[in-house]
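Student: Please find one structure pasted underneath; my questions will follow.
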Amino acid sequence: MAVPWVVWAGAAGVVLLAAAYVILPGLRRGSRAAEPAATRAESVVPEATRPAALESGAASSSLALVAGRFALEGAGPGIPASLESAFVDGSWAALPLWTFLGGRSPRLSSPGPGGVEPDWVDWRGGEPVVLCRFAFGEDLRTPELAPFDESVVLEWRPLSGERTSLAIETGPLRFVGAYRTFAVFSEVDAPGVLVQKGRVVGWTFGQGLASGYLWAPSDGSGPKPALPAGDLAGTLLVHGRETAFVRAMSMSEDIPVDLRMAAFVSGYREAALLSPDDLPLHLKPAQVAGRVSSLASSMIRQGLAAEVARLLDPKILIAAGDTGLIKAAAMASNEARGFDSVRRLLADLGRGSAFESAASRQELQALEVELAKASLHKILNERGYGGLEIFEEARRLAPDDLELHLLGVEVAVLEKKWMDAQDLLRAKQYPGALSDKARTLERLVEEGRREEDSATIRFNPGDRLIPVYAIINKKLRQKFYIDTGATTTIVPSSVLDPLGIKIDSSTPTVILQGVAGADMGFQVRLDSIEIERQTVFDIRAVVYDLGSGDEAGLLGNDFLQHFQVDLDSIKGILKLRKK
């Protein structure tokens with residue numbers, strides 16, 4: 001029996017509709033709708049679903065995009081020279097705020113005549129995106145810009161390649177001015193547009209920006225010319241952390257390295273304009289800190305460690321919040337001022353809120369131990385002094401570090417602290433890789449034990465004041481300077497509370513005569529002062545702050561008279577043998 005033509009026509013229509021459904025994603029909804037957004041009053045939409053791609057297909061031919069390429073000011077090594085974005089509403093293009101930081105508006109390279117700058121922008125403080133209007137003789141044929149609708153499927157289309165559409169879920173949304181932002185994922189990490197019902201509702205820009213941006217003005221309207229574009233670029237030129245970084249990056253390598261370093265550091269004194277998610281790769285905090293660390297290393301090699309330490313003060317390091325930059329500052333401080341300055345720097349940083357987490361504190365402690373080892377190696381190579389004090393501080397942080405432990409033994413041998421070296425050696429077991437070194441040190445200790453009846457103190461040749469650490473009353477470790485020209489032992493007022501000593505109206509006073517004139521101090525009795533296992537009991541000391549900055553005391557001849565003093569100023573060795 002013949003099939004009526006009407007049946008054949010109906011079947012053909014069904015086939016065509018099915019083919020269109022498969023080929024044209026604009027004719028079908030995603031496999032599930034985007035998660036609903038909360039009301040405008042909320043800053044974050046608490047969605048459980050992470051950003052995800054749902055489906056893809058050939059782009060709808062009804063949405064003809066006009067992609068513009070925009071030249072950026074201040075391009076250089078590692079800095080993008082241009083950026084892509086699609087036009088909407090005939091003459092408007094969205095650009096990230098960071099593209100205006102070079103002091104001039106981005107310039108349209110194509111389509112149309114090159115070098116055209118926007119005349120007006122729609123932007124309010126704090127927004128990460130700028131809508132730019134270009135004055136064309138005739139508006140371009142572009143899609144319409146519409147507010148994001150959380151009830152409609154959201155599609156993403158790239159501006160290059162095959163331009164296949166991708167239905168997506170955004171995950172949590174955050175309000176920033178007229179925009180809702182979301183974390184981009186790998187499938188949409190490129191220049192593109194976000195589309196609903198054939199209209200553009202948002203953008204992605206690539207370049208390392210971690211956010212996508214949805215147009216969501218409170219009044220639901222389109223962009224308005226609110227500010228001349230030149231005014232925005234000029235405003236951003238005079239302030240902002242990222243603006244200073246862009247200026248520093250644009251400086252020629254012919255400019256002295258310390259001036260380039262100072263330009264970056266000035267940025268850390270400014271408030272940030274954008275969150276890290278709204279910054280391109282070259283302005284991400286870690287990337288900028290890496291550039292500054294590289295400049296710091298170059299300055300240290302050129303003998304400018306003191307200038308690095310001055311520039312990278314605790315306030316700058318806290319603002320940067322980068323462990324690598326802290327390491328550069330600590331290395332410079334160690335080189336220019338010694339390990340004590342490193343400990344003070346890291347202690348200051350540890351008290352700051354930027355490094356209050358357990359992980360941050362561990363990083364700072366590991367850095368202190370690493371620099372302590374470097375300092376100990378330097379002392380051993382140069383046959384310097386002060387290594388045991390550095391070792392004791394580092395051992396407190398890393399008691400099980402065998403490499404550090406043997407370095408402590410080596411500096412004890414260098415300083416001829418034979419009993420200390422022996423005690424340290426016996427405190428640990430050493431695996432095969434370290435056992436040979438331990439046996440060598442053991443032989444050196446045995447040979448030096450005969451000198452144990454004396455205290456050997458090493459110092460910089462020519463120094464009049466000889467630094468040493470002593471134990472007061474067998475419980476407080478205190479820094480002193482040995483001064484063979486002084487008559488009286490002096491302790492700073494900071495030792496009173498730890499030692500339980502009270503000053504009252506019955507405390508004897510003494511007059512101290514110095515170069516600057518006479519001054520008054522209080523006389524107290526100390527049970528003992530011990531240096532290198534050599535102890536003097538029942539000492540009368542004067543409580544007086546010398547103003548040295550390190551709260552040190554002074555050991556004078558009333559202490560030294562208990563010893564046979566052998567001072568070699570040329571070699572920098574002081575030996576004290578009990579009488």
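Derivation of every value follows stated rules applied to the coordinates shown; laboratory data play no part. Note that the structure is a prediction, hence the values are computed from the model and not measured. With ideal geometry, Cβ positions are generated from the backbone for all residues, glycine too; neighbour counts draw on all protein chains shown.
Student: Taking the Cα-to-Cβ direction at Gln362 and at Asp568 and moving 7 Å from each Cα, how far apart do the two end points lie in nm?
Tutor: A separation of 4.7 nm, rounded to one decimal place.
Student: So for the stretch 455-578, averaging the separation of alpha carbon pairs under 8 Å that are six or more residues apart and normalising by length, what relative contact order in percent results? Present the calculation step by step, with values, prior to reporting the outcome.
Tutor: Values: 253 pairs, mean separation 44.1, N = 124.
Normalised by residue count, the contact order of the stretch 455-578 is 36 percent.
Student: Sticking with this structure for a sec: Of Lys417/Lys479; Lys428/Lys575; Lys479/Lys575; Lys416/Lys571; Lys416/Lys578, which ones are farther than 23 Å apart at the Cα?
Tutor: Lys428/Lys575
Student: Is the stretch 243-451 rounded, prolate or oblate when judged by the Cα gyration tensor, a ≥ b ≥ c being the square roots of its eigenvalues, rounded requiring a/c under 1.5 and prolate requiring a/b larger than b/c? Don't skip to the end; give the middle numbers.
Tutor: Working: a/c = 3.05, a/b = 2.25, b/c = 1.35.
It is prolate, given that a/c is not under 1.5 and a/b is the larger ratio.
Student: Additional query: Using the beta-carbon distance between Arg124 and Arg426 and R0 = 51 Å, what value does 1/(1 + (r/R0)^6) give for FRET efficiency, to the nearest 0.05? It would help to have the intermediate numbers written out before the result.
Tutor: On the way: r = 70 Å, r/R0 = 1.38.
Efficiency computed from Cβ-Cβ geometry: 0.15.
Student: If the chain between Arg525 and Asp550 were fully stretched, how many nm would it gain, using 0.36 nm times the residue separation less the Cα-Cα distance? Numbers along the way, then the final one.
Tutor: Details: separation 25, 0.36 × 25 = 9.00 nm, distance 2.27 nm.
Between Arg525 and Asp550, full extension yields an extra 6.7 nm.
Student: Further question: Projected onto the charge dipole of the chain (+1 at Lys/Arg Cβ, -1 at Asp/Glu Cβ, origin at the Cα centre), which of Val176, Gln365, Leu236 gives the Cα projection farthest towards the positive end?
Tutor: The listed residue farthest towards the positive side: Gln365.
Student: In terms of the Cα gyration tensor, with a ≥ b ≥ c the square roots of its eigenvalues, is the stretch 455-578 rounded because a/c is under 1.5, prolate because a/b exceeds b/c, or oblate?
Tutor: Values: a/c = 1.88, a/b = 1.42, b/c = 1.33.
Verdict is prolate for the stretch 455-578.
Student: Which of the listed residues, Ser221, Asn557, Ala486, is farthest toward the dipole's positive end in the chain, when Lys, Arg count +1 and Asp, Glu count -1 at the beta-carbon?
Tutor: The Cα lying farthest towards the positive end belongs to Asn557.
Student: Please get the size of the charge dipole for the stretch 455-578, origin at its Cα centre, with Cβ charges of +1 on Lys and Arg and -1 on Asp and Glu, quoted in debye to the nearest 20.
Tutor: Using only the charged Cβ atoms, the result is roughly 460 debye.
Student: Name the residue farthest towards the positive end of the dipole of the chain from the options Gly572, Ala455, Gly90, assuming +1 on Cβ of Lys and Arg, -1 on Cβ of Asp and Glu, about the Cα centre.
Tutor: Result: Ala455, furthest along the dipole toward the positive end.
Student: I've got another one for you. If r is the Cβ-Cβ distance from Asp231 to Ala135 and R0 is 25 Å, what FRET efficiency results, to the nearest 0.05?
Tutor: On the way: r = 16 Å, r/R0 = 0.64.
Efficiency computed from Cβ-Cβ geometry: 0.95.
Student: Mind checking the full-extension length gain between Lys378 and Ser506? Use 0.36 nm per residue of separation minus the Cα-Cα distance, one decimal, nm.
Tutor: Details: separation 128, 0.36 × 128 = 46.08 nm, distance 4.97 nm.
Length gained between Lys378 and Ser506: 41.1 nm.
Student: Another question, then. Roughly how many Å is it from the Cα centre of the stretch 216-279 to that of the stretch 433-491, as a whole number?
Tutor: If you average the Cα positions of each part, the centres end up 55 Å apart.
Student: Could you size up the charge dipole of the stretch 243-451 around its Cα centre, putting +1 on the beta carbon of Lys and Arg and -1 on that of Asp and Glu, and report it in debye to the nearest 20?
Tutor: That gives a dipole near 140 debye.
Student: May I ask you to derive the FRET efficiency for Ser493 and Ala183 from their Cβ-Cβ distance with R0 = 41 Å, giving the value to the nearest 0.05? Numbers along the way, then the final one.
Tutor: Values: r = 56 Å, r/R0 = 1.36.
Efficiency at R0 = 41 Å is approximately 0.15.
Student: Just the ratio, please: alpha-carbon radius of gyration of the chain over 2.2 N^0.38 Å, N its number of residues. Spell out each step's value before the answer.
Tutor: Numbers: Rg = 35.7 Å, N = 579, 2.2 N^0.38 = 24.7 Å.
My calculation over the Cα atoms of the chain gives 1.45.
Student: A further question on this structure: Taking a temperature of 4 °C and a viscosity of 1.567 mPa s, what whole-number D in µm²/s does Stokes-Einstein yield for the stretch 52-233 with Rh from Kirkwood over alpha carbon pairs?
Tutor: Numbers: Rh = 16.4 Å.
Answer, rounded: 79 µm²/s.
Student: For the chain, give the share of DSSP beta bridges that are antiparallel, in percent and rounded to the nearest 5; count only bridges with both residues there.
Tutor: On the way: 86 of 92 bridges.
In the chain, DSSP labels about 95 percent of beta bridges as antiparallel.
Student: Shifting gears a bit: What distance in nm lies between label points placed 7 Å from Cα along the C-beta direction at Met419 and Arg344?
Tutor: 3.2
Student: Treat the stretch 393-479 as a sphere of radius equal to its Kirkwood radius over Cα pairs and apply Stokes-Einstein at 37 °C in a medium of 0.692 mPa s; give the translational diffusion coefficient in µm²/s, rounded to a whole number.
Tutor: On the way: Rh = 14.5 Å.
Result for D is 227 µm²/s.
Student: If the chain between Glu270 and Leu476 were fully stretched, how many nm would it gain, using 0.36 nm times the residue separation less the Cα-Cα distance? Show your work: numbers first, answer last.
Tutor: Values: separation 206, 0.36 × 206 = 74.16 nm, distance 4.35 nm.
That works out to 69.8 nm of additional length.
Student: Would you mind calculating the relative contact order of the stretch 217-281 from Cα pairs under 8 angstrom and at least 6 residues apart, reporting the percent as a whole number? Intermediate results must be reported in sequence, preceding the final value.
Tutor: Details: 32 pairs, mean separation 23.5, N = 65.
Over the stretch 217-281, the number comes to 36 percent.
Student: Calculated from DSSP H runs of 4 or more alone, at -39500 (n - 2.57) each and per residue, what is the 222 nm mean residue ellipticity of the chain, nearest 500?
Tutor: Working: 16 runs with 190 residues, N = 579.
The per-residue figure over the chain is -10000 deg cm²/dmol.
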